[in-house]
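The values are calculated or read from the model by the stated rules, or taken from the named source; none is laboratory data. What you are looking at is a predicted structure, and each value in this text was computed from that prediction instead of being measured. Positions of Cβ are generated from backbone atoms using ideal geometry, with glycine treated the same way; all protein chains shown enter the neighbour counts. Each accessible area value is taken on the protein alone, full model and side chains, heavy atoms only, with ligands, DNA and RNA left out. Shrake-Rupley method; radii C 1.70, N 1.55, O 1.52, S 1.80 Å.
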Amino acid sequence: MGVCYTTTEPRVLRNYLIALAIADVGHVYATFLGMGWDAFADVAAWNALTWGNIGATGFLFVNRIAYLLGVFGYAQAPKAAAKRE
């Protein structure tokens, strides 16, 4: 999370969010492998832990992709501080 607040380069933030989105897909896939298809597809039977693993990860993934697509506006480098005279 520190990357989001400390970088001044939009490209760094974009690459960081891409890496997190890839990790999200891997996380959901690993959860799928652990649960099996039947339990994974039966959303009504998910408990709080499953919602945390799949639901929260899916929510974060959707928001990361939306940001990368510009839904929330595009990242801009901070404006340079005015020269002190």
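Assorted remarks:
- Residues of the range 1-80: accessible area per residue with a 1.4 Å probe, Å²: 72
- Ligands, DNA and RNA left out, the accessible area of the chain computed with a 1.4 Å probe is 65% carbon and sulfur.
- Using a Gaussian network model of the chain in which every pair of alpha carbons under 10 angstrom is joined by a spring, one finds that among VAL62, VAL28, VAL71 the greatest mean-square fluctuation is at VAL71.
- Each of TYR5 and LEU49 was given a label point 7 Å from its Cα along the Cα-to-Cβ line. The distance between the two points is 3.2 nm.
- The residues TYR16, TYR29, sorted by heavy-atom accessible surface at 1.4 Å with ligands and nucleic acids left out, run TYR29, TYR16 from largest to smallest.
- Relative contact order of the chain, taken over Cα pairs closer than 8 Å and 6 or more residues apart, is 39 percent.
- Förster-model FRET efficiency, 35 Å R0, ALA30 and LEU69, C-beta, rounded to 0.05: 0.85
- Among 51-57, 36-42, the order from most to least packed when residues are scored by Cβ within 10 Å on average: 51-57, 36-42
- Couplings 3J(HN,Hα) of the range 49-65, computed from phi: 5, 5, 4, x, 6, 9, x, 5, 5, x, 4, 5, 4, 4, 5, 5, 5 Hz, in residue order, whole Hz [Karplus 6.51 cos²θ - 1.76 cosθ + 1.60, θ = phi - 60°; x for Gly and Pro].
- Estimated vicinal HN-Hα couplings, Hz - the range 35-46 in sequence order (Karplus 6.51, -1.76, 1.60; Gly, Pro = x): 8, x, 5, 4, 6, 5, 7, 8, 4, 5, 8, 5
- A Förster radius of 30 Å combined with the Cβ-Cβ distance from ASP38 to ILE18 puts the calculated FRET efficiency at roughly 0.40.
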